Amino acid sequence: MSGLFLKNPNWPNLLTLKQITENSQSQYGISLISLNFAPTFKPTNIIIMAGNRTFTMIKPDAFEAGNSGAILKMIEEAGFKIVAMKATRLTPELAGKFYEVHKARPFYADLCNYMSSGPIIAAILEKDNAVEDFRTLIGATNPANAAEGTIRKIFAKSIEANAVHGSDSDENAKIEGDFYFSQLERVL
Ligand code: GDP
């Protein structure tokens, strides 16, 4: 069925169902299982737009090292616009809530301690294809595996103290942005 879904060459950020089904991490936050096709549905050109916002944090290691300005410069030079931004500090409880999805992982307690160990900068960013492009800009979780020129390659200290956070899906970008920012705190 997926081969029947067409991509419009004039709209590069529109995703075919085939692309989405092949994306095992469900970056686009869409559960195909929940799609309910009516019997008369004609699958000729279903298209779903990738989101244009993502969420980031400059983590305590990068903030403490005085790298926030250089990281924000890289982010802006890569074409991201700042929609909301604040300097703040998480409590261990808030860090635990933010990273609740990792609760079962062995590094969860360390991660919560680390993320509440000092100030951070939280920001919502805007750009076409924001989530995917930002993940490319920051590089792999472990800086040892991050591509040259990526933010984590340049600034991260370790797999835990890896300089920046970047949302992994449109759905999580919205949840994470809402975790930190009210509507009044955002550029409209
Ligand atoms: P991300 O999406 O690239 O940030 O990676 P994950 O969602 O897998 O992990 C969330 C965060 O947990 C990472 O950014 C790291 O700060 C931390 N982390 C990930 N893997 C490890 C690990 O193996 N050990 C430790 N100590 N921290 C980790």
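The values are calculated or read from the model by the stated rules, or taken from the named source; none is laboratory data. Owing to the predicted nature of the structure, the values given are computational and were not obtained by experimental measurement. Ideal geometry is used to build each Cβ from the backbone, glycine not excepted, and the neighbour counts take in all protein chains shown.
Apart from one condition, E132 fits all of (1) within 16 Å of V101 (Cβ to Cβ); (2) within 15 Å of the ligand (Cβ to nearest atom); (3) of a type outside the set (V, I, T); the exception is (1). Scanning segment 54-73 for residues that are part of a helix (DSSP H, G or I) and within 12 Å of the ligand (Cβ to nearest atom) turns up P60, D61, A62.
Contact annotation: no residue pair with Cβ atoms under 9 Å, 6 or more positions apart or on different chains, pairs a residue in segment 73-101 that is outside the structural domain of F181 (by TED's automatic domain parsing) with a partner that is at pLDDT 95 or above. When D168, D110, D133 are checked against the criterion of being more than 15 Å from N52 (Cβ to Cβ) and under 13 Å from the mean Cα position of the chain (by Cα), a single residue qualifies: D168. Taking segment 115-148 as the search range and keeping residues that are acidic (D, E) and either assigned to a loop (DSSP other than H, G, I, E, B) or at pLDDT below 95 (or both), which one is surrounded by the fewest Cβ atoms within 10 Å (Cβ to Cβ)? Ranking the candidates gives E148 first.
Looking at G139, G79, G118, which one is closer than 14 Å to A163 by Cα, more than 13 Å from the ligand (Cβ to nearest atom) and of a type outside the set (F, W, Y)?
Working: G139 fails: more than 13 Å from the ligand (Cβ to nearest atom); G79 fails: closer than 14 Å to A163 by Cα.
Result of the check over G139, G79, G118: G118.
Restricting to segment 156-188, what's the tally of residues that are within 13 Å of the ligand (Cβ to nearest atom) and either buried (at least 20 other Cβ atoms within 10 Å of the Cβ) or not β-branched (V, I, T) (or both)? Of the residues in segment 156-188, 16 are within 13 Å of the ligand (Cβ to nearest atom) and either buried (at least 20 other Cβ atoms within 10 Å of the Cβ) or not β-branched (V, I, T) (or both).
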